[in-house]
1. Go through (1) of a type in the set (D, E, K, R); (2) more than 18 Å from Ile165 (Cβ to Cβ); (3) loosely packed, with under 15 Cβ neighbours inside 10 Å; (4) touching a Phe, Trp or Tyr at 6+ places or on another chain (Cβ under 7 Å) and name the single condition Arg107 misses.
2. Across region 69-87, which residue is surrounded by the fewest Cβ atoms within 10 Å (Cβ to Cβ) among those that are in contact with a Leu (Cβ under 9 Å, 6 or more places away or on another chain) and among the aromatic types (Phe, Trp, Tyr)?
3. Would you mind stating whether Pro74 is at pLDDT 95 or above and part of a loop (DSSP other than H, G, I, E, B)?
4. Is region 206-213 home to any residue that is buried (at least 18 other Cβ atoms within 10 Å of the Cβ), on the phi > 0 side of the Ramachandran plot and either at pLDDT below 95 or under 17 Å from the mean Cα position of the chain (by Cα) (or both)?
5. Surrounded by 20 or more Cβ atoms within 10 Å (Cβ to Cβ) and in contact with a strand residue (DSSP E or B) (Cβ under 6 Å, 6 or more places away or on another chain), is that true of Ser125?
Amino acid sequence: MHVSSSHVSLPILKIPEKLLSLEWLLTEELRCIQFQLPVEYVYNPIEYAFDVHAKYVRKYCQTTKKILFLGMNPGPWGMTQTGVPFGEVKMVRDWLGLSGCIGKPVREQPDRKVTGFACTRSEISGRRFWGLFKDVCQTPENFFRHSYLHNYCPIALMDTKGRNITPAELKGLEQKTLYYRCDEALVATIKLLRIEIVIGVGRFAEKRAQTVVKTAGLPTKVLCIPHPSPRSLGNENWSEKAAQRLQELNLLRYFAK
């Protein structure tokens, strides 16, 4: 007997699974880009570190959020190692309480090997970002109650010597294609999580969010905090500056202990 498809009960995906599907689709689309030199290595932690990345999404993004912190792309000693945005190993393991299996990228740069939670290098940006909210929130649950941290671009790009190549450094069609795909995914993420405020972690993320919100006609507000990279001038007291900025924006109240 033929059963009409309209009567078939399909499972309703919850927010974490919808977000993971969006991210996986984006990584598949970016895999089609033929990056030119100087890009020699492409690391996709959502693929090889999916075990831990999925745990991060499923544990901390179960509901819609008011605020989306937006990073640029994975760092060599952060998300590249753990699958978590700004994923400094100790912060991911000891504060976020995440662990699991980490695989390997298709091709590894000899000086930027992925060793997962065995990595002894500390990503300063990640230590600073999560360290700030550890001090302010005390618990991860207080941070994730109203907010979530997500990267604009899910892949890391490196040259032959392992130097990080940012999306802004790409040229021509490869940059245009990457921006187009990542913009689409960001729009979908903002809609899925019903984001009211995007906070760019650094100017690049802020500018991409501004473009996306304007182009898509979203009501979302776009703000910015300084990037925690130690390479930024005058960034020694980043935590104080970032906390002050959040206070000026009247947002610290969302991270109460």
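The values are calculated or read from the model by the stated rules, or taken from the named source; none is laboratory data. On a predicted model such as this, the values are computed, not experimentally measured, just so you know. Heads up, the Cβs are rebuilt from the backbone with ideal geometry, glycines too, and the neighbour counts pull from every protein chain shown.
1. (2)
2. Residues of region 69-87 in contact with a Leu (Cβ under 9 Å, 6 or more places away or on another chain): 69-71, 73, 82-87.
Then drop every residue that is not among the aromatic types (Phe, Trp, Tyr), which leaves 69, 86.
Details: Phe69: 22, Phe86: 24.
Checked region 69-87; the qualifying residue surrounded by the fewest Cβ atoms within 10 Å (Cβ to Cβ) is Phe69.
3. Details: at pLDDT 95 or above: yes; part of a loop (DSSP other than H, G, I, E, B): yes.
Judged against the criteria, Pro74 is a match.
4. Let us first name the residues in region 206-213 that are buried (at least 18 other Cβ atoms within 10 Å of the Cβ), namely 206, 208-209, 212-213.
Applying the additional criterion that residues be on the phi > 0 side of the Ramachandran plot yields none.
No.
5. On the way: surrounded by 20 or more Cβ atoms within 10 Å (Cβ to Cβ): yes; in contact with a strand residue (DSSP E or B) (Cβ under 6 Å, 6 or more places away or on another chain): no.
No; evaluated as a whole, the condition is false for this residue.
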